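Enquirer: Submitted below is the structure of interest, expressed as structure tokens.
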Amino acid sequence: MPLKKIKVIAFDADDTLWVNETFFRKAEEEFCILLQEYMSKEEANKLLFDVEMQNLPLYGYGIKPFTLSLIEAAILVSNGNMKIDLVQKLIDKGKEMLQEPVELIDGIDETLHELSKKYRLVMATKGDLLDQERKLIKSGLENYFHHTEIVSDKTEKQYKKLVKHLDIKENEFLMVGNSLKSDVLPVLNIGAHAFHIPFHTTWVHEEVEDKIDHPNFRSFEKASELLQIL
Ligand SMILES: [Mg+2]
């Protein structure tokens, strides 16, 4: 059984340990409502996504880049005609998102508690360092993790670096996460194991079309199911 070799389990954070994507969906919805006098909801939402994609290489992931993209998209949607109080509303929205309470994903606390007795656990996430640290502390999960890796993007190169840093072999590493694009595909490509636990909402940018069929891959509905095989 290849799973017997696993020494380190890395957990993605957003939408794997705690709820995240829901806040972005809500903010996009509010953005479209604020600007509906200029553009239909669908068009405004599409434009916001395009702005985010353009900004991604420069800004990276997280709420602060998202806030800047909200403002930039609002300028485009309103053709430069929006009032300054609307800019203030978008800034306030970003600040509000940075202070949301942390809502744990069902069963994650017990699952980490049990797994931490048998494995070295790490948190591996992309995004904003300050914000991810804030959420980790608020979550109460901090003590389960040996350490945390906050990377700018989850690529094969970054995973290889992580495995090397952990001083283990690729097949001794297991990644658990909600994104096939970030938490599964690059991990399988370097010869490590990857488990997928989907969240009900996925950002379009993280969507993958193909079905994954790989000996090192499994999919689960709930975190607690991990305890049946690990
Ligand atoms: Mg995630």
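The values are calculated or read from the model by the stated rules, or taken from the named source; none is laboratory data. Bear in mind that the values here come from a model prediction, so they are computed numbers and not experimental data. Reconstructed Cβ throughout: ideal geometry from the backbone, glycine too, with neighbour counts over all protein chains shown. Each accessible area value is taken on the protein alone, full model and side chains, heavy atoms only, with ligands, DNA and RNA left out. Shrake-Rupley method; radii C 1.70, N 1.55, O 1.52, S 1.80 Å.
Enquirer: Starting at the first residue of segment 162-179, write each ³J(HN,Hα) from the Karplus equation 6.51 cos²θ - 1.76 cosθ + 1.60 with θ = phi - 60°, in whole Hz, x for Gly and Pro.
Expert: Using θ = phi - 60°, the values come out as 5, 4, 5, 4, 7, 6, 10, 8, 3, 6, 9, 10, 10, 10, 10, x, 9, 10 Hz.
Enquirer: Out of residues 5 or more away from D15 or on other chains, whose amide H comes under 5 Å of its own, with H placed 1.01 Å from N in the peptide plane?
Expert: Residues meeting the amide H criterion: N20, E21.
Enquirer: Explain nothing, just the number: dipole magnitude of segment 21-98 about its Cα centre with +1 on each Lys and Arg Cβ and -1 on each Asp and Glu Cβ, in debye rounded to the nearest 20.
Expert: Charge dipole of segment 21-98: 180 debye, to the nearest 20.
Enquirer: For H205, H200, H214, give the ranking by accessible area with the largest first, probe 1.4 Å.
Expert: H200, H214, H205
Enquirer: Still on this structure: Please list the non-local residues whose amide H lies under 5 Å from the amide H of V102, H modeled 1.01 Å from N, same-chain partners needing a gap of 5 or more.
Expert: When sequence neighbours closer than 5 places are left aside, there are no close amide H contacts.
Enquirer: Ok, one more. Under 5 Å between amide H atoms, partner at least 5 residues away or on a different chain: which partners does V151 have, H built in plane at 1.01 Å?
Expert: T125, K126, G127
Enquirer: So which GluC sites (Glu not before Pro) in segment 144-230 end up in coil per DSSP with only 14 or fewer other C-beta atoms within 10 Å?
Expert: Those satisfying the criteria are E207, E209, E221.
Enquirer: Using θ = phi - 60° and the Karplus relation 6.51 cos²θ - 1.76 cosθ + 1.60, list the HN-Hα couplings for segment 108-116 in order, rounded to whole Hz, with x at every Gly or Pro.
Expert: Result, rounded to whole Hz: 6, 4, 4, 5, 5, 4, 5, 5, 5.
Enquirer: While we're here: If one computes the Cα centroid of segment 175-196 and of segment 97-121, what distance in Å separates the two points?
Expert: The distance from the Cα centre of segment 175-196 to that of segment 97-121 comes to 19 Å.
Enquirer: If Lys and Arg each add +1 and Asp and Glu each add -1, what is the summed charge of the other residues whose beta carbon sits under 12 Å from the beta carbon of L129?
Expert: Summing Lys and Arg as +1 and Asp and Glu as -1 gives 0.
Enquirer: Using each residue's phi in segment 52-61, evaluate 6.51 cos²θ - 1.76 cosθ + 1.60 at θ = phi - 60° and report the 3J(HN,Hα) Karplus result to the nearest Hz, with x for Gly and Pro.
Expert: Listing the rounded values in order: 4, 5, 5, 7, 3, x, 8, 9, x, 9 Hz.
Enquirer: So, in segment 21-98, how many Lys pairs have Cα atoms under 21 Å apart, if the pair is 8 or more places apart or on different chains?
Expert: Lysine pairs, 8 or more places apart or on different chains, close enough: 17.
Enquirer: Enumerate by residue number the GluC sites (Glu not before Pro) in segment 27-94 meeting two conditions: DSSP loop (anything except H, G, I, E, B), and at most 15 other Cβ atoms within 10 Å of the site's Cβ.
Expert: Within segment 27-94, the qualifying GluC sites (Glu not before Pro) (loop, at most 15 other Cβ atoms within 10 Å) are E37.
Enquirer: Counting other Cβ atoms within 10 Å, which trypsin sites (Lys or Arg not before Pro) in segment 66-115 have at most 11 and lie in a DSSP loop?
Expert: Those that pass, being in a loop and sparsely packed, are K83.
Enquirer: Then there is this: Net charge near G140, counting Lys/Arg +1 and Asp/Glu -1 over other residues with Cβ under 14 Å of its Cβ?
Expert: -2
Enquirer: Now a separate question. With both partners inside the chain, how many of the DSSP beta bridges are antiparallel, as a percent to the nearest 5?
Expert: Percent antiparallel among DSSP bridges in the chain is about 5.
Enquirer: When Lys and Arg each count +1 and Asp and Glu each count -1, what net charge do the other residues less than 13 Å away from K89, Cβ to Cβ, add up to?
Expert: Charge balance near K89 sits at -1.
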